[in-house]
1. Give Leu126, Leu59, Leu147 a once-over and let me know the one that is surrounded by fewer than 18 Cβ atoms within 10 Å (Cβ to Cβ) and either modelled with pLDDT of 95 or more or not small (Gly, Ala, Ser) (or both).
2. Considering only residues that are farther than 30 Å from Ala187 by Cβ and without any contact (Cβ under 8 Å) to a residue 24 or more places away in the chain, which ones fall in segment 54-99?
3. Quick test of your reading of the structure: Trp424 fulfils all but one of (1) surrounded by fewer than 14 Cβ atoms within 10 Å (Cβ to Cβ); (2) within 27 Å of the chain's Cα centre (by Cα). Name the failing condition by number.
4. Could we say that Arg115 is basic (Lys, Arg) and closer than 30 Å to Thr150 by Cβ here?
5. Asp145 versus (1) free of Cβ contacts under 8 Å to residues at least 40 places away in the same chain; (2) assigned to a strand (DSSP E or B): which is the lone unmet condition?
6. Those residues that are more than 30 Å from Cys447 (Cα to Cα) and in a helix (DSSP H, G or I), I need them from segment 237-266; list them, please.
7. So is Asn109 closer than 18 Å to Val406 by Cα, out of contact with any Lys or Arg (no Cβ under 7 Å at 6 or more places or on another chain) and either modelled with pLDDT under 90 or buried (at least 17 other Cβ atoms within 10 Å of the Cβ) (or both) or not?
Amino acid sequence: MCFRSGSQDESKKRGTGFGNGVKKFSSSGHKHETVQRPLIQAVGNIEAVIRVGQKIIALRGRTSSPGKAAEKFLKMLDAESYLQVAMMCDGSDEAIILSQYTDREDVDNSEKAERCDMFLENIARLFHNGGAVTAQGTFTRMAMDTLQRTLTFSVNGELFSMGGVGQPSEDVVTTCLNHMKCWCRLARAIVEAEFPDFQVVMAFSIFNLGSERLEAGTKFSDITPKQNRDMERLCKILDVDLLVFKEQFMDHRALAERAWAKGTDDKLMCWREALARNSARPEQAAKHPHSELLRVLIRFGAWKASTSGVEQSFGRLALKGVDESHRANMVPDTEQWVFKIAVDYKPSMGRAQRQKLITDAQKIWVEVYQRHRRRSGERVVTRQEIEKKRSTCSEASILRARREAVRQLPASAGGHALHDIPGWGGTHAKEESFQRAKLQARRVAACLDGLLLPDEVDADLRDAAEAEETRQLRC
């Protein structure tokens, strides 16, 4: 409590405006956000954190457990550790963007491969290209600007300082970047192991839409080498004629792209619309067959990465449960409708779906409670609301600005997998070996399931698959 209130008070005094100060440094092992958020707040409120540490020592005593912890923290704080934490915040924010997308119940499988590539590209821009240091808006840049000033503080009579003119030094920046390059190498190994390109769900990327995805010189009429391999994999697994599928895919692709450009948020709905338009009349359907394409699209619509929808629905009902005082004034069917709306609504749903749900809810409201009274005039907007909208120092606005700054960085030069990075040690190598072993185990399992293409299976992999099959038979 002392830490939370002190941090908020010091943040307000110093006018940083970054969130509401650091509430706590504790975290939950299963929630990555609880690790990242206090570190982000500390980067933006480092002076307040230092003063709170001094207060804890003064109020609780230097011999108490909180006092000893605060003393240890303040003595280890220097420019390098502060800058390193800021870089970790930049890296963890990119990781959270990817993990939050893949953890969604309604994740779009056509975008999953692109999202993984985007994550690897962004961390390469930040740390291999040095964009985290140069781009305004990143947490690293925020820390470097803070270190331009000298921060002086005392701990039990001993004087400490960090920052100043010309700080942080080039050596400190290089050391921190090297640590993050090691992390980038491990992050790449983890992504390759968790989202292998031979996985069926990654092959559905052929149904992704949007002109912004196309590389320079690529047209919608082209099939890229990656798309060709994904098509081969899907047709092999689903027993679909590859040549016929390619022809039907390209025949309907332009209409699907047009539906996407009009604002349809669901990729599957865009492809369904393309099929419907090309088969509106019998003579038109004869010219544009889609039998093989439809077989693959059905699997694309049904293949979901998560099966926790029922549990999540119960969780939403528990949160949106009707209060006892309200239930007494409801007609019998109202609670049922309230629960249905709570289950149906998802923050990630498209604009058309959201508007339809709102319209249905308004109709139900009118049936139950009659029409609401109209305002006699315009609603008065308070000064606090205006200032809140103009605020650019809230956590949400700072995160948006940081992510936009990363998007504006120039493309990386392909330095994702640099070797011989200074700082790479035995612990890094052990983790990388673990991820490589996991990837190999999944490749062997894919070989046994018949998911690999012929040129992806060599003699060593075939032997490993036979050994694994023998082991499974013995068990």
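1. Working: Leu126 fails: surrounded by fewer than 18 Cβ atoms within 10 Å (Cβ to Cβ); Leu147 fails: surrounded by fewer than 18 Cβ atoms within 10 Å (Cβ to Cβ).
Going through Leu126, Leu59, Leu147 in turn, the sole match is Leu59.
2. To start, the set of residues in segment 54-99 that are farther than 30 Å from Ala187 by Cβ comprises 54-71, 74-75.
Passing the criteria: Ala58, Gly61, Thr63, Ser64, Ser65, Gly67, Lys68, Ala69, Ala70.
3. (1)
4. Numbers: basic (Lys, Arg): yes; closer than 30 Å to Thr150 by Cβ: no.
No, not satisfied.
5. Just one mismatch for Asp145, condition (2).
6. Initial filter on segment 237-266 (more than 30 Å from Cys447 (Cα to Cα)): 251-266.
Hits for segment 237-266 are Asp251, His252, Arg253, Ala254, Leu255, Ala256, Glu257, Arg258, Ala259, Trp260, Ala261.
7. Values: closer than 18 Å to Val406 by Cα: no; out of contact with any Lys or Arg (no Cβ under 7 Å at 6 or more places or on another chain): yes; either modelled with pLDDT under 90 or buried (at least 17 other Cβ atoms within 10 Å of the Cβ) (or both): yes.
In short, no.
Results for (1) assigned to a helix (DSSP H, G or I); (2) at pLDDT below 90; (3) within 21 Å of Glu114 (Cβ to Cβ); (4) of a type in the set (A, V, I, L, M, F, W, C), shown as yes or no for each residue.
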{"site": "Gly164", "(1), (2), (3), (4)": "no, yes, no, no"}
{"site": "His179", "(1), (2), (3), (4)": "yes, no, no, no"}
{"site": "Leu186", "(1), (2), (3), (4)": "yes, no, no, yes"}
{"site": "Glu192", "(1), (2), (3), (4)": "yes, no, yes, no"}
{"site": "Asp230", "(1), (2), (3), (4)": "yes, no, yes, no"}
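The values are calculated or read from the model by the stated rules, or taken from the named source; none is laboratory data. Please read all numbers here as calculations on a predicted model, not as lab measurements. Note: ideal-geometry Cβ built from the backbone for every residue, glycine included; neighbour counts use all protein chains shown.
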